[in-house]
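Since the structure comes first, as structure tokens, the remarks are kept for the end.
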Amino acid sequence: MKNSMIICADQGKQKISRHIYGHFAEHLGRCIYEGLWVGEDSKIPNTRGIRSDVVKALKKLNVPNLRWPGGCFADEYHWMDGIGQREKRPTMINTHWGGVTENNHFGTHEFLELCGQLGCEPYICGNVGSGTVKEMSQWVEYINMDGKSPMADLRRRNGCETPWKVKWWGVGNESWGCGGNMRPEYYADEYRRYATYCRNYGDAGLYKIACGANSTDYSWTEVLMREAGRHMDGLSLHYYCGSGRTSRSATRYGAEDWFELLKKALLMEEIVARHSTIMDKYDPEKRVGLIVDEWGSWHEVEPGTNPGFLYQQNTMRDAMVAALTFNIFHSHADRVQMANIAQTINVLQAMILTEGAKMVLTPTYHVFEMFKVHQDSMLLPAHTSFGTYEMGNENIPQVSGSASRSAGGKINVSLCNLHHVADTVVECEIRGARFSGIRGRILATDSIGSHNTFEKPNSVKPEHFDGFKSSSKGTISVELPARSVVVLEIE
Ligand code: AHR
């Protein structure tokens, strides 16, 4: 069957928030320590303790926001342990992630320094599970209060005169699970209590995010929206797609596993749509954002590594997951106001892997870099008709696509051919705009397991793409190789 995409280039009402391209860094495995923070005395080049190579690479992604400190870690983190002179900070046990000792050297000031270096907005998740209302309330005061107050004075004594004005605040993480095993009715009341004392100092414009559902738990969303919807700005959602039918390995898998992971990733469409429908019932104006603050693929850890560190390799299959997930988020731009890949470095579907002073960019990194053209662009309505990709008696669409118009008037089209072996062609018709130039980039590989390693860091990387033909009638015929992600910039 032919694939077609009719793009209405002169229409569009909804911007794709850049915050959909957000990140997540938890105190988990080697994400914070080694991945981002090496300390000021490290031989690894750093700026005030933060790895310079990693910051340089991440800056190319235009990271819009960074969520921290967890994850499950957030609900056992006590922020006051992470301020003041580093050597004097108390230690704790990171019970969720490997039972390792946390020295609290990376705390509030270091995180906000990192965000400053990246040029991104901080998104802080507070502790509901094992914390107190007072503790969370004081954290907001410490970070955002300008005038004289006990917490603002403490911040000044720790070397920071002016407040950071952090806008994004999460009130607990996975409160249905690692964050306290609460029932939605109970958490809704807890949320209301905690959120009341997260005060809006100055012009920080606090945006309070309630803990949302675990993937398809629609009743959680129903209860939260009914009982606490009017007290929140955002409601989170977590959905991971895991491998696999015959293999859980991140790198060694067959065609069936490839298909299965992409099918699971595509479920994001139904999950977002159904949570949005419930939110529409209580919030028809779409004031409350759906914040998908944990998503991505979850495989078996790399052989020989600590199972509690969630360190996995990352292949072209994961790049496909990222690309098709972004296309889904774009199509729900009216409700999905933020999303955060789990996680930025060395954990789950990472952008970057490190080994000592070495660093490698993953195929997922390249998708984030290629897709950044969509950040804050206008979503363009597109009528699509895509053929199917079959495996046994199951099928999924072979192509995933979306389009947007940048502030400068360029039309961005992102397309993926999900098939593990079959090339295909997509006929794109651009309606309502004339164009004279097209610039294409492609991420494609010679095998389904291709990935980058410290020895071969450039096996998977974007290339110039010219596999398209345009006609004077405004159509572009795009030849998509199997297992490829293509971004066209049309002007
Ligand atoms: O991202 C890893 C973990 O997955 C997070 O800590 C938790 O919120 C989720 O279960």
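The values are calculated or read from the model by the stated rules, or taken from the named source; none is laboratory data. Keep in mind the model is a prediction, meaning the values are calculated, not measured. Here the Cβ positions follow ideal geometry from the backbone for every residue, glycine too, while neighbour counts run over all protein chains shown.
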Report every pair of residues separated by at least 6 positions or lying on different chains whose Cβ atoms are under 6 Å apart, first residue within the range 310-338 and in contact (Cβ under 8 Å) with a residue 40 or more places away in the chain and away from the ligand (no atom under 16 Å from the Cβ), second assigned to a helix (DSSP H, G or I) and among the aromatic types (Phe, Trp, Tyr). Arg317/Trp258; Phe326/Phe371; Val336/Phe329
Taking the criterion of being in contact with a Pro (Cβ under 7 Å, 6 or more places away or on another chain) and farther than 25 Å from Met359 by Cβ, would at least one residue in the range 48-57 satisfy it? no
Quick check on this structure: which one of Gly449, Gly401 is in a loop (DSSP other than H, G, I, E, B) and either touching a His at 6+ places or on another chain (Cβ under 6 Å) or touching a residue at least 40 places away in the same chain (Cβ under 8 Å) (or both)? Gly449
Go through Ile442, Ile490 for me and flag whichever is buried (at least 19 other Cβ atoms within 10 Å of the Cβ) and more than 30 Å from Glu256 (Cα to Cα). Ile490
Take the residues of the range 1-40 that are away from the ligand (no atom under 15 Å from the Cβ) and in contact with a Phe, Trp or Tyr (Cβ under 6 Å, 6 or more places away or on another chain): which is farthest from Arg67 (Cα to Cα)? Asn3
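Would you call Gln85 more than 22 Å from the chain's Cα centre (by Cα) and surrounded by fewer than 22 Cβ atoms within 10 Å (Cβ to Cβ)?
Values: more than 22 Å from the chain's Cα centre (by Cα): yes; surrounded by fewer than 22 Cβ atoms within 10 Å (Cβ to Cβ): yes.
Answer is yes for this residue.
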Tell me which residues, restricted to the range 339-361, are polar (S, T, N, Q) and either in a helix (DSSP H, G or I) or within 16 Å of the ligand (Cβ to nearest atom) (or both). Asn340, Gln343, Thr344, Asn346, Gln349
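Let me confirm something: among Gly172, Gly159, which residue is in contact with a His (Cβ under 8 Å, 6 or more places away or on another chain) and either away from the ligand (no atom under 15 Å from the Cβ) or under 30 Å from Ala333 (Cβ atoms) (or both)? Outline the logic, then answer.
Numbers: Gly172 fails: in contact with a His (Cβ under 8 Å, 6 or more places away or on another chain).
One residue alone meets the criteria, Gly159.
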Among the residues of the range 82-97, is there at least one that is within 21 Å of Glu141 (Cβ to Cβ), away from the ligand (no atom under 16 Å from the Cβ), assigned to a helix (DSSP H, G or I) and at pLDDT 95 or above? yes
Take the conditions under 30 Å from Ile16 (Cα atoms), within 16 Å of the ligand (Cβ to nearest atom) and in contact with a helix residue (DSSP H, G or I) (Cβ under 8 Å, 6 or more places away or on another chain) and apply them to Trp68. Does it pass? yes
